[in-house]
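Scroll down for the structure; my scribbles are underneath it.
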Amino acid sequence: MEFEIKKGVPLPRSKGKPRKYDLPLEDLEVDEHIHIPIPKTKIAQEQKIIRNFVLRFTYKNPNKKFTVRQLSDGIGIWRTK
């Protein structure tokens, strides 16, 4: 069996795992807030997912800082810097 070798073929973009939350963190200005309503029974586990999403975003954008807090009816994300 023979194979053909080609040059100049672009690498397809990796799709990766789909995001559970597609949060618009890049559009958030300083002192703005995003509220994510979540049932009380799922706040603890969803907070970990959201915190990790925000942490990955801040690694790619080190000039932006966020804080994630648990609220009585969901989770809030504030941009602090």
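Read-outs: derived from the displayed coordinates by stated rules, not from any lab. Being a predicted model, the structure only gives us computed values, none of them experimental. Please note: Cβ atoms are built from the backbone with ideal geometry, for glycine as well, and neighbour counts cover all protein chains shown.
If a residue must be touching a residue at least 12 places away in the same chain (Cβ under 8 Å) and among the hydroxyl-bearing types (Ser, Thr, Tyr), how many such residues does the range 7-62 contain?
The number of residues fulfilling the criteria is 1.
Going through the range 7-27 one residue at a time, which ones are within 12 Å of the chain's Cα centre (by Cα) and not in a loop (DSSP other than H, G, I, E, B)?
25, 26, listed by residue number.
How many residues are of a type in the set (A, V, I, L, M), within 14 Å of the chain's Cα centre (by Cα) and assigned to a strand (DSSP E or B) when one looks only at the range 28-74? Show your work before the answer.
Step one: filter the range 28-74 for residues of a type in the set (A, V, I, L, M), giving 28, 30, 34, 36, 38, 43-44, 49-50, 54-55, 68, 71.
Now restrict to residues that are within 14 Å of the chain's Cα centre (by Cα): 28, 34, 36, 49-50, 54-55, 68.
Filter once more, keeping what is assigned to a strand (DSSP E or B): 34, 36, 68.
So the count comes out to 3.
For every residue, the table says whether it meets (1) in contact with a His (Cβ under 8 Å, 6 or more places away or on another chain); (2) closer than 16 Å to residue 19 by Cβ.
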site: 35; (1), (2): no, no
site: 42; (1), (2): no, no
site: 46; (1), (2): no, yes
site: 50; (1), (2): no, yes
site: 57; (1), (2): no, yes
site: 63; (1), (2): no, no
site: 70; (1), (2): no, no
site: 74; (1), (2): yes, no
